[in-house]
Amino acid sequence: MNVLNCEIENRPYHEAFMREAIDMAELALKSDETPVGCVFVRDGKVLARGMNGTNISMNGTRHAEFVALSQILAEHPPSVLQDTDLYVTVEPCIMCASTLRQFRIRAVYFGCLNDRFGGCGGVMRVCDDPSVDPPYPIYGGIYREEAIMLLRRFYVQENEKAPEPKQKKNRELKTEILPVTVQIPSPQLGE
Ligand SMILES: [Zn+2]
């Protein structure tokens, strides 16, 4: 199964929440954070929002999912996650994918693959490989192009701020996005 091309029932419902995750990623971009955003949704309502916060906190674990999870766990028992879905602009990394599984998240919807650190198919399949915790289903590719463009805008923006031009100088914003059937040179998360 190609996780980026899966059938998603009632797609507009899920797209609406992914739109809210993209709004959070936009906010991250404005805050000079790697633009990854997420929302956790329970009973059709947003339970918590998160955006990547690793730069401001200087804490590499402050991924969007962890930021939102902290809010949820401050207010609810962990069991609420069993009927909660996650919408995140970029595939959860191995750390987040594992944590989500231990908390028994119901399902994960994401935009683009994370081909350096992905835990839901990009690099490993922590979501449903053999393990003691029950697996969770994943649905990728929702607003994938926008998720990729956010990351590209970030790397161009960061490069322009660099005090000395590096080898990557004059990097231009590429707008071409190849279809998912082709091996994509997708943007790298972190340097
Ligand atoms: Zn993560």
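Every read-out reported here was derived from the displayed coordinates using simple, explicitly stated rules and does not represent laboratory data. Note that this is a predicted model, so its numbers are computed, not measured. Note that we place each Cβ from the backbone using ideal geometry, even for glycine, and neighbour counts take in every protein chain shown.
Give me Rg/Rg_expected for the chain, where Rg uses Cα atoms only and Rg_expected = 2.2 N^0.38 Å with N residues. Working shown, then result.
Working: Rg = 16.2 Å, N = 191, 2.2 N^0.38 = 16.2 Å.
In units of the globular-protein estimate, the chain measures up at 1.00.
Extension gain LYS161-VAL80, at 0.36 nm per residue separation less the Cα-Cα distance, in nm?
Numbers: separation 81, 0.36 × 81 = 29.16 nm, distance 4.18 nm.
Length difference between fully extended and current span is 25.0 nm.
Quick check: pseudo-label points 7 Å beyond the Cα along Cα→Cβ at VAL46 and ILE177, how many nm apart are they?
It works out to 2.0 nm between the two label points.
Bin width 5 Å, alpha-carbon pairs only: give the P(r) of the range 1-94 as whole percents, running from 0 to the bin holding the largest distance.
Result returned by the calculation: 3, 14, 23, 23, 19, 13, 5, 1.
Would you calculate, for the chain, the mean residue ellipticity at 222 nm contributed by helices, counting each DSSP H stretch of 4 or more residues as -39,500 (n - 2.57) and dividing by all residues, to the nearest 500?
Details: 5 runs with 63 residues, N = 191.
Roughly -10500 deg cm²/dmol at 222 nm, from the helical runs in the chain.
Between SER131 and GLU7, what FRET efficiency comes out of the Förster formula 1/(1 + (r/R0)^6) with R0 = 30 Å and r the beta carbon distance, rounded to 0.05? Write out the running numbers ahead of the final one.
On the way: r = 25 Å, r/R0 = 0.84.
Working from the Cβ atoms, E equals 0.75.
What are the extents of the Cα atoms of the range 108-160 along their three principal axes, in Å, largest first?
Each principal axis gives a Cα extent; for the range 108-160 these are 46, 19, 12 Å.
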